[in-house]
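Trainee: What follows is a single structure, and I will ask about it in a moment.
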Amino acid sequence: MLNPAARHNLAVAILHGVHIRIAGSAGYYCGGLGDGASIEIEGSAGWGLAESMLSGTVVVHGNAGSGAAAALRNGSVIVHGDAAARLGVSMKGGEVIVAGNCGYMAGFMAQKGTLIVCGDAGDAFADSMYATVCYVGGKIASLGTDAVLSALDPAEIERLEASLSAHLPPAVRRSKPAAADFKKVIAGRKLWNFDKREWRTWQEAL
Amino acid sequence: MAELQTSGIFAPGVIEDIQAKAESGLYSIRGFGTLRERRWATFDDLTFLPCSLTRIPLEGYREKCSTKTVLGTRFAKKPIELDIPIMITGMSWGALSFNAKVALAKGAASAGSSNTTGDGGMLRAERDNSRTLIYEVLPSRYGINIHHMREADAIELTIGQGAKPGTGGLLLGSKVSDRIAEQRDLPIGVDQRSPARHPDFLGPDDMIIKVEELREATDWQVPIFIKMGASRVYDDVKLAAKAGADVIVVDGMEGGTGASPAIFQEHTGIPTLAAVCEARLALEDIGLYGEVQLIISGGIRDGVDAAKAMALGADACYIGTASLIALNCNKPIYEDDYRAIGAAPHACHHCHTGRCPVGITTQDPELMNRLDIDQGAERVRNLLRAMTLEIQMLARSCGKSNIHHLEPEDLAALTLDASAVCGIPLAGTRKVFGK
Ligand SMILES: Cc1cc2nc3c(=O)[nH]c(=O)nc-3n(C[C@H](O)[C@H](O)[C@H](O)COP(=O)(O)O)c2cc1C
Ligand code: SF4
């Protein structure tokens, strides 16, 4: 796609395994509601990149705006630059990899899938999550409600390395921390498993 | 002995509430909708002015009075056409049982009406049994699936609900069964609280782009509804119309719910009567009344409420709670099971427990089987038909050969409040109060 002019709603709801290369930047919701396509954006992308995608791959060479991979159900969303606020918010599956940094509230209420940020993460990271697993290569400004750090096991380090090497260009991968040095963040599982008999746990998690 | 006096301020219910909070440190959650006595203007504060000498009625039971309802004529290539103006509102599979969802779909289809998915995505059996299916896109995006969306006859972008404007949905762990967990991509048994905001847009300006995305995803074929809880209705309706909605749904504060904080049901939003009046005025003021259709919901009980809402400006009404009552909600059967959850027939608002005695708001297979799909569908169809007949009777008595011709002039206000809210003269005067 030539001269995309950062138009909104490019390549929305593509339901076939085609490859689309956008020679420039895209506006809001690029690759949103898709199932099966492989989309490559040579520039940057606006808000809601690949939102609610069922399967497929979306790669952004530049940066992504707010809410990238929001409500993602499956597939991969790869950002070579930075991602703005609310990356992977309400994601329900799939894999999100950001080579740079991400803004505040990444992973908010994320349900399943894997969220990887090679650089620094903003405030309220991984707030109120269910079962998404997050990895951060740099600093985390602050953890969100009920987000906790957890140790990576060797198999996980291997999987993380495999993912990063598979999805990031070698030069980019080399400039990022080793998989073993990433921090893992998961839900403390105190927020949602509220049971009236355990109200104090829930109350304290709020 | 003189009767002991209880406090008007610290009434027994208030004392219980304070003591429950003192024990748990938590707010109370329940289903159903507002329970308090309505002291605000409602549809009951209006009466119809049928024809006598100044106007001529149509034959009450026989003469043709069209009920055909077309929604989405503004931009959609395929507006939806319904035989009647009463539609089944969005109620999630999760809040509702499978049997309830399918019974509602079948009942609505056989009455020539529509039903709506809900905060949990679409059920295959729901689609298969619907004639017209409206697919909700909610902030949670549970079960969001482009293929289901493309099978829908309309898309409803939900910003909020009347029972809990400004906050998200709620499904307590007891209802997050293995099937519901799978459908919503959640761990089994967790308490699920939906977000209050959409994940990929924040305000009215980016909502314009979102609406365009939904049109793009559905090839510009089907109508896009925008649903909101009634709060600043006059401004919100204008913004929704500006965002490109074909149809706007306004859900008043009397709106039902499967579960939400009790304080939201009682103390947020504006009443359905006020909401329909504000919504109509907003559309008139921007010159889109008639072009953008209006659906009203929240406490609609019968054809009378619906006819009044239509006379005030609605093109159609959604019903939720009334359709569940048709499925036996609050019916005096299985009384021990009502007692077991601290409720009683006619006083049950315990949908949040997941132990619905009549099989509607439960995921327990044994309880769900108490609701027979075909019998339930028949009752829903009967209710929709009876409500439509009531609207037709009122419309004919007002001299209308089409229920959509009902107008504010067909009504008189019975209270000063209703006169002021609706801009309709108080019966016995020629005055609109508050003007
Ligand atoms: C059991 C139940 C579940 C509901 N689930 C949803 C939902 O998933 N999405 C939604 O937008 N509204 C939901 N609602 C609200 C209805 O769509 C509607 O706004 C409201 O019920 C209308 O008021 P009424 O029940 O008085 O007719 C639910 C309501 C009930 C009673
Ligand atoms: S009978 Fe069932 S649907 Fe009706 S209020 Fe009680 S729990 Fe809810």
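The values are calculated or read from the model by the stated rules, or taken from the named source; none is laboratory data. Predicted model, so just to flag it, every value in this text is computed and none were measured. So basically every Cβ, Gly included, is an ideal-geometry build from the backbone, and we count neighbours across all protein chains shown. The accessibility values were calculated without ligands, DNA or RNA, using every heavy atom of the protein model including side chains. Shrake-Rupley method; radii C 1.70, N 1.55, O 1.52, S 1.80 Å.
Trainee: Return the percentage of antiparallel bridges among DSSP beta bridges fully within chain B, rounded to the nearest 5 %.
Mentor: Restricted to chain B, the bridges split so that about 25 percent are antiparallel.
Trainee: Could I ask something else about it? Residues with beta-carbon under 12 Å from that of B:Ser92, excluding B:Ser92: net charge, scoring Lys, Arg +1 and Asp, Glu -1?
Mentor: Here the count lands on 0.
Trainee: If you don't mind, another one. Compute the relative contact order of segment A:53-120 as a whole-number percentage, counting only Cα pairs closer than 8 Å that sit 6 or more residues apart in sequence.
Mentor: This gives 28 percent for segment A:53-120.
Trainee: Just want the answer: with Cβ charges of +1 for Lys and Arg and -1 for Asp and Glu, which residue in B:Gly303, B:Thr42, B:Gln221 is farthest toward the dipole's positive end in chain B?
Mentor: B:Gly303
Trainee: OK, next. Report the A-B buried area as the accessible area lost on both sides summed, probe 1.4 Å, in Å² to the nearest 100.
Mentor: Summing both sides, the interface buries roughly 3300 Å².
Trainee: Excluding A:Asn9 itself, calculate the net charge of residues whose Cβ lies under 13 Å from the Cβ of A:Asn9, where each Lys or Arg counts +1 and each Asp or Glu counts -1.
Mentor: Spelling it out: positives minus negatives among the neighbours equals -4.
Trainee: Once you charge only the Cβ atoms, +1 for Lys and Arg and -1 for Asp and Glu, what is the size of the charge dipole of the protein assembly as shown about its Cα centre, to the nearest 20 debye?
Mentor: Its charge dipole is roughly 300 debye.
Trainee: Remind me, relative contact order of chain B in percent, using alpha carbon pairs under 8 angstrom and six or more residues apart?
Mentor: 24 percent
Trainee: Calculate how many DSSP beta bridges within segment B:37-177 are antiparallel, expressed in % of all such bridges and rounded to the nearest 5.
Mentor: Restricted to segment B:37-177, the bridges split so that about 25 percent are antiparallel.
Trainee: What is the set of long-range amide H partners of A:Val98 at a cut-off below 5 Å, with H atoms built 1.01 Å from backbone N?
Mentor: It is A:Val79, A:Ile116, A:Val117, A:Cys118, by chain and number.
Trainee: At a Cα cut-off below 17 Å, give the lysines reachable from A:Lys176, other chains included and same-chain residues fewer than 8 away excluded.
Mentor: Of all the lysines, those that pass the test against A:Lys176 - Cα under 17 Å, at least 8 places apart if same chain - are A:Lys139, A:Lys184.
Trainee: Rounded to whole Hz and in sequence order, give me ³J(HN,Hα) for segment B:370-378 from the Karplus expression 6.51 cos²θ - 1.76 cosθ + 1.60, θ = phi - 60°, writing x for Gly and Pro.
Mentor: Once θ is set to phi - 60°, the couplings for segment B:370-378 become 6, 9, 7, 4, 5, 5, x, 4, 4 Hz.
Trainee: Please list the non-local residues whose amide H lies under 5 Å from the amide H of B:Gly168, H modeled 1.01 Å from N, same-chain partners needing a gap of 5 or more.
Mentor: Here the answer is B:Ala196, since their amide H atoms fall under 5 Å of that of B:Gly168.
Trainee: Give me the base-10 log of I(q)/I(0) for the protein assembly as shown at each q in 0.07, 0.09, 0.10 Å⁻¹, Debye formula, one uniform scatterer per Cα, rounded to two decimals.
Mentor: After summing over all Cα pairs, the log10 values are -0.47, -0.76, -0.92.
Trainee: In whole Hz and in residue order, list the ³J(HN,Hα) couplings for segment B:231-248 that follow from phi through the Karplus curve 6.51 cos²θ - 1.76 cosθ + 1.60, θ = phi - 60°; x for Gly and Pro.
Mentor: 10, 8, 4, 4, 6, 4, 5, 4, 5, 5, 5, 5, 6, x, 5, 7, 9, 10
Trainee: Using the crude model of +1 on Lys and Arg Cβ and -1 on Asp and Glu Cβ, and no other charge, please compute the dipole size for segment A:1-151 relative to its Cα centre, in debye to 20.
Mentor: Once rounded to the nearest 20, the dipole reads 200 debye.
Trainee: Based on Cα coordinates alone, diagonalise the gyration tensor for chain B, multiply each eigenvalue by 5, take square roots, and list the semi-axes in whole Å, largest first.
Mentor: 32, 28, 22
Trainee: Follow-up question, since we're still on this one. Which pairs break 27 Å Cα to Cα here: B:Lys210/B:Lys238; B:Lys164/B:Lys242; B:Lys106/B:Lys400?
Mentor: B:Lys106/B:Lys400
Trainee: Count the net charge of all other residues whose Cβ sits under 12 Å from the Cβ of B:Asp302, scoring Lys and Arg as +1 and Asp and Glu as -1.
Mentor: -1
Trainee: Roughly how much of B:Lys21 is accessible, in Å² to the nearest 10, using a 1.4 Å probe?
Mentor: Using a 1.4 Å probe on the heavy atoms, I get roughly 90 Å².
Trainee: Along the charge dipole of segment A:19-205, pointing to its positive end and built from +1/-1 on Cβ of Lys, Arg, Asp and Glu, which listed residue (A:Met129, A:Cys30, A:Ala171) has its Cα farthest out?
Mentor: A:Met129
Trainee: A follow-up question, please. What ³J(HN,Hα) values, in whole Hz, does the Karplus curve 6.51 cos²θ - 1.76 cosθ + 1.60 give for segment B:408-414 when θ = phi - 60°, with x put for Gly and Pro?
Mentor: In residue order, the calculated couplings are x, 5, 7, 10, 10, 8, 9 Hz.
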